[in-house]
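FYI, it's all coordinate maths here, none of it is from the lab. Predicted model, so just to flag it, every value in this text is computed and none were measured. Please note: Cβ atoms are built from the backbone with ideal geometry, for glycine as well, and neighbour counts cover all protein chains shown.
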Amino acid sequence: MIATTEIRALDVSPAQPETQPPYLSAASGLVCVGSHIYVVADDALHLGVFSAGTSEPGYEIRLFSGDLPVNKAERKREKPDLEAITFVPAFHGYSYGALLAFGSASRPNRARGVLIGLDRHGAVCGSPEELDLAPILGSLHRTFPELNIEGATVVGDELLLCQRGNKRHIDNAVIRFPLLPALAALRGSNTAALAPSDIMKVDLGSIEGVPLCFTDAASLPNGDAVFCAVAEDTNDAYLDGRCVGGAIGIVDKHGRLLSLHQLEQPYKVEGISAHIVNDTLDLLLVTDADDPAIPAKLLSASFAL
C-alpha cells in the first residue's frame, strides 16, 4: 500500500470573496509547471494557482464567464465540471506551451474546455481560450453508455484521455488522439470531427466490491502514464457516492495496466502530478471530499519504480 502525507489545504484568496469560499472544495485535476501548481475544481469557474514550497494561499484565474448558484444541487446541475488539466508543449499560437483543461462531457453543459497560455517561466499569460469539446468527444457517446472524461495527459505526440467508469458501467478506458490534429479540432481549425486513434478498456479491479475507476493521469518520461483511481459507490456519472478506497497505478500509452497500488487512506484523489527522482516516483495528489464545506487537500506520496 502507498502512504500519503498531507501538505496543505487548498486555500485561496477568492476572486469574488462575497460569494466564494476561501478554498477549493472539489479539486479534480492537477498539473505542475515549474514552480507553479495548477488545480481545476469540478464545481468552479476558476483555475486555482499555487506556488510550490509555500503554504501561502493561492489565487484564482477566471476561466468561464458568469456565476454558479450557491445551492449545492443547483450548482451541480450548472457547473462546467472541469475534471482534467494537462500541460501541452509549444505549438502554433502558444510559444511556451499551454494548459489544456477538459470538462467531463457527462452532460451537454459539461462539454467545454479551455486553453490557457503560459510564459517562459510557466506562469499564466493572456486570456483563456474557450473550447468546444464536441469535435473530439462527440463520437465517444456512441462508445460509452455514460461518457465521463476524468483525466488527460500528453505523451509524446499523443493526447491521452481517461474515461471513468462506475458500478453500473465499468467502462474505464484510455483514449488516444494525435495531439496536433486534436488541438486543431478543438480550436475550430478543422471542422470535421476527429476520431480517436485507439480506445483501450482497462480493468482496475475493485475494493470492497466497488470497482476502481480512473480519476486522473500524468505522463512519465518513458512514455508510460501514472494514474489515480477511486472506488466510489455510485451507479452513474452524475451522482456522488461513498469513496471506499483509492489507488495509484501505471499504464503504458496503449492502456495496458503495468502496476497498481492501493492507498492506505481512502482519500478521493482526483488529480495527480509525477516527478521521478532516481528510481522513485514522487507524486502530488489533490482530493475532492464531495462537500463544499470541506477544503480540498494537496497530498504527497511516493513509491519505488
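Taking the options Val114, Val88, name whichever one is crowded, with 18+ Cβ neighbours inside 10 Å and more than 19 Å from Asp43 (Cβ to Cβ). Among Val114, Val88, only Val88 is crowded, with 18+ Cβ neighbours inside 10 Å and more than 19 Å from Asp43 (Cβ to Cβ).
Do we find that Tyr38 is in contact (Cβ under 8 Å) with a residue 24 or more places away in the chain, surrounded by fewer than 21 Cβ atoms within 10 Å (Cβ to Cβ) and in contact with a strand residue (DSSP E or B) (Cβ under 7 Å, 6 or more places away or on another chain) in this structure? No: the conditions fail for Tyr38.
Just one of the listed residues (Val244, Val230) is surrounded by fewer than 19 Cβ atoms within 10 Å (Cβ to Cβ) and closer than 24 Å to Leu10 by Cβ, and it is Val244. Residues that are under 17 Å from Asp288 (Cα atoms), touching a residue at least 40 places away in the same chain (Cβ under 8 Å) and of a type in the set (A, V, I, L, M, F, W, C) number at least 2 in the following strands (runs of 3 or more DSSP E) confined to the range 212-263: 213-219, 225-233, 242-251. So for the range 281-298 (the condition being outside any strand (DSSP E or B) and free of Cβ contacts under 8 Å to residues at least 24 places away in the same chain), does at least one residue qualify? No; the residues of the range 281-298 include none that is outside any strand (DSSP E or B) and free of Cβ contacts under 8 Å to residues at least 24 places away in the same chain. Filtered by the rule that a residue be among the hydroxyl-bearing types (Ser, Thr, Tyr) and either closer than 26 Å to Leu161 by Cα or within 15 Å of the chain's Cα centre (by Cα) (or both), the range 23-72 gives Ser25, Ser28, Ser35, Tyr38, Ser65.
Filter the range 77-106 down to residues that are out of contact with any Asp or Glu (no Cβ under 7 Å at 6 or more places or on another chain) and under 23 Å from Gln20 (Cβ atoms), then give me how many there are. Qualifying residue count for the region: 6. Whenever a residue of the range 1-26 is over 16 Å from Ile37 (Cβ atoms), its partners that are β-branched (Val, Ile, Thr) and loosely packed, with under 12 Cβ neighbours inside 10 Å, lying with C-beta atoms within less than 9 angstrom and at least six residues away or across chains, give the pairs Thr19/Val70.
For the range 157-166, the count of residues that are of a type in the set (Lys, Arg) and either within 20 Å of Ala225 (Cβ to Cβ) or assigned to a loop (DSSP other than H, G, I, E, B) (or both) is nonzero.
Is there a residue in the range 115-132 that is touching a residue at least 24 places away in the same chain (Cβ under 8 Å), within 15 Å of the chain's Cα centre (by Cα) and part of a loop (DSSP other than H, G, I, E, B)? Checking the range 115-132: not a single residue is touching a residue at least 24 places away in the same chain (Cβ under 8 Å), within 15 Å of the chain's Cα centre (by Cα) and part of a loop (DSSP other than H, G, I, E, B). Annotation note: Cβ proximity below 6 Å between a residue of the range 147-168 that is over 19 Å from Leu115 (Cα atoms) and a residue that is assigned to a loop (DSSP other than H, G, I, E, B) and β-branched (Val, Ile, Thr) (sequence gap 6+ or interchain) occurs for Asn166/Thr234.
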